[in-house]
Each structure stands twice: as structure tokens, then as C-alpha cells.
Amino acid sequence: MIALAYLPMLAKVYVEATGHIGSDFLAFWGAGKLVVAGTPARVYDIAAEQAVQALSGTGQLVVFVNPPPYLFVAAPLGLLPYASAWVAWVIAGWAAWFLLCRRLLPEAPIAVLAFPGAYLAASHAQNGFLTALLLIGGCLALPRRPLLAGALLGALIVKPHLALLVPFWLAAGRKWSAFAAAAASAIALCLASWLVFGSVTWLAYPESFKASATLMADDSGPFFLRMATVYAGLRYHFDATTALVGQGFVTIATGALTCLYWRHARDDRAAGAMLLAATALASPYLFSYDLAFLALPVFWLVGEARREGWRPWEKLALVALWLAPLATRAAALPLHLNLMPLASAALVWMVWRRGVRPPARA
């Protein structure tokens, strides 16, 4: 029923995205247009972005702030008209995400397809599917193909704040080949973007920091309510220093917990579930459209429970966590309250309880 409900919801979003409301996708499409035109350095020039995004007919501007390696992803989008590119981006992203994530729970593909975190990634036409593919793919590949796992995780250089815990997690698990592959992947993407798009593009990249700083300096409220982090929740109700200290404490604590979990986790899949559950708490800059990666911990918990038996209240809790990305986003503005960090903390706790090795028998 929820999957079917997404159809009219997405139709409405599409009309808005291609009308006068616009979409975050404008930033990627506009950057792709500038790359195709042979002027990649201008993706960080707000005037140039505004001029090219005007071709969409939306009358809106969304600043491109991703690092230069992301231009490899954006370039093909510039070959299509805006409306067609939006559809292609959403369908291709959701399809690739689903083909990967259905492996988490093969017996319930509709529950996977209808995961609200996926709908949010689609409706914003942001990069939530891309980052989820890298995070989930890296975790799933780690046991048998550590070099591929590292390469996927290293590719998160396109959105590095989502890889905040990854190097510590790999080191704590003694996954040194994956660690080296991740470093090599990140460096290779940076070098490739330097060779293809030029030094001038990298020199222009810091200009995007100004746009990000302007957003983060906005104390009007709605911006922080739309985020899904501890920092945003504290920043809405308190000052920036309190928010930074609170987020710092949570980031360090979840990072330590994620590394410690390797000693107790029954397998690499359990450790991966903990990494992604903790990432939703540890990152200071995260939106609901980024949460498609929570499919791994949520469906891993379901799979474990179906194999070993359900614990009291676990079904209800997992239904709530399945809905959490969309429900907390919908409630944030009316309630003036950011509840997603509480859901993320509950997810971390449930993964910890489920993933520890059973005690050895005497």
C-alpha cells in the first residue's frame, strides 16, 4: 500500500521539480551542463550556475557544493534535458539501490522497494541512492571481496562526511587490504578529476564553502529542522557551540562503539549494520534523503529475527524504524522537533543486541 502511495506522491514531486519550485537536482544537472560545455571550473561559480540552471525553466538556483570527483557522476546528466534527466536519475538510482538491497531480505522484495528512506532519496532527486550504494555495497562486499569493498567505500570522497567512521571501522576490524583499497580509491578519484577537469576546477572548489557557510549560519530554524542530525537538533534549540559540543560527544561515542563492536560482532555483516546505523548518528551534516543506507541495518535486523525468533516488541520497533526516515521528516516542522537521532540511537542499540556473538558453551 505504501509503495503504491508513492506513485501519486512522486508525480506531485515531479510536477513541482520541473515547475517553479525546483529541486536539489538542479545543482547536479547544472554542473553536468557546464562540464559538457567544457567549463567544469565554472560549476563553483554561482553566476554561471544560475545562468545554466535557468535553462530548466524553474527559475530556481541550487548551488553545487560537491567536490570535483562528483563531476564524473554529474557529466552524463548534462547530456539530457532537465525533466528527462530528473526522471532518469530517480529511476536509475532507485533501481540500482533496489537490486543491491533486495539481497538483504530476498523473501520480502516489496518491503525493501517501499523503504521510506528510498522514497525520500527519490523525491529529493539528491545523491542518497549513490551514497547508499557505496556504503551498503562496501559492507556487503567486505567478507569476500575486500578490495572491491575498499574501492566502494573510498569512492565516498564524493560526499566524505558520510565516510566519517569508515577508516576507523576498517582499522578496528583489521581489514587492512580494504583500508588500503579505500585510500587508493579516494586518491585515484581525486587525481583523475584533477587530470580530467584541471587544476583550475580544484582551485575553484573552495568557493563552494562560502555557500555552505551561509546555509549553516542561518538561524531561522527550518533548515535545521530538515536535517536529521544531533547537531541540527541542538542548533535549533540552543547555540552553535552547544550543538558542536553535543555532536562531538555523540560522534566520538558512536565511533568508539562501532570500533569496539568488532570484538563482539558475530560476523562482518553485523559489523556493517553497526557502521551504517552509527553513521546516521555520527555525521553532523545529514538529511533525510541520505538515509537510504539505513536499509542495511533495518533489514539485517529483520533477517536475523526471522532466523532466530522475534523478541518482545521487536516487530513493532522495526516497523517504527522502517518508517522513521519519512515519519520524523514529516513531523519535524509541525512539532519543531528533530526526532531522527532518537530513531538512529534505537537502531544502534538493536543492532548491538542482535549482533553480538552468542556466549560459548562450557
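The values are calculated or read from the model by the stated rules, or taken from the named source; none is laboratory data. In this text, all values refer to a predicted model and were calculated from it rather than measured experimentally. Note that we place each Cβ from the backbone using ideal geometry, even for glycine, and neighbour counts take in every protein chain shown. To get the accessible areas, we keep the full protein, side chains included, count just its heavy atoms, and leave off ligands, DNA and RNA. Shrake-Rupley method; radii C 1.70, N 1.55, O 1.52, S 1.80 Å.
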Open item on the list: With a 1.4 Å probe and all protein chains left in place, how much accessible area per residue does the range 1-355 have, in Å²?
Closed with: 43 Å²
Task: Centroid-to-centroid separation of the range 22-83 and the range 166-186 [C-alpha atoms, Å] - done: 32 Å
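Please give the charge dipole size of the chain, origin at the Cα centre, charges +1 on K and R Cβ atoms and -1 on D and E Cβ atoms. Round to the nearest 20 debye. Walk me through the numbers before you get to the answer.
Working: 25 positive and 15 negative charges, 278 e Å.
So the dipole magnitude of the chain works out to roughly 1340 debye.
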Open item on the list: Rounded, prolate or oblate for the range 231-360? Axes are the square roots of the Cα gyration tensor eigenvalues, ordered a ≥ b ≥ c, and the cut-off for rounded is a/c under 1.5.
Closed with: oblate
Open item on the list: Given points 7 Å out from each Cα along the Cα-Cβ axis, report the Trp194 to Ala213 separation in nanometres with one decimal.
Closed with: 2.4 nm
Open item on the list: Along the Cα→Cβ direction, 7 angstrom out, place labels at Ala83 and Lys12. What is the inter-label distance in nm?
Closed with: 2.1 nm
Task: Between 0 and 90°, nearest 10: helix 268-282 axis offset from the chain longest Cα axis - done: 50 degrees
Task: Among Ile187, Ile157, Ile21: highest mean-square fluctuation, GNM of the chain, C-alpha pairs under 10 Å - done: Ile21
Open item on the list: Which order do the peptides 194-204, 160-170, 128-138, 45-55 come out in when sorted by mean C-beta neighbours inside 10 angstrom, highest first?
Closed with: 128-138, 160-170, 45-55, 194-204
Task: Spatially near lysine pairs across the range 1-355, Cα under 25 Å, sequence gap of 8 or more or different chains - done: 4
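Taking 0.36 nm per intervening residue step and subtracting the Cα-Cα distance, what contour gain separates Leu61 from Thr241 on full extension?
On the way: separation 180, 0.36 × 180 = 64.80 nm, distance 3.03 nm.
Residue separation times 0.36 nm, minus the Cα-Cα distance, leaves 61.8 nm.
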Task: Residue among Ala240, Ala213, Ala188 with the largest mean-square fluctuation in a Gaussian network model of the chain, springs linking Cα atoms under 10 Å - done: Ala213
Task: Fraction of accessible area attributable to carbon and sulfur, the range 1-355 (%, probe 1.4 Å) - done: 71 percent
Open item on the list: What do you get for the angle between helix 240-261 and the principal long axis of the chain? Use alpha-carbon atoms, 0 to 90 degrees, nearest ten.
Closed with: 50 degrees
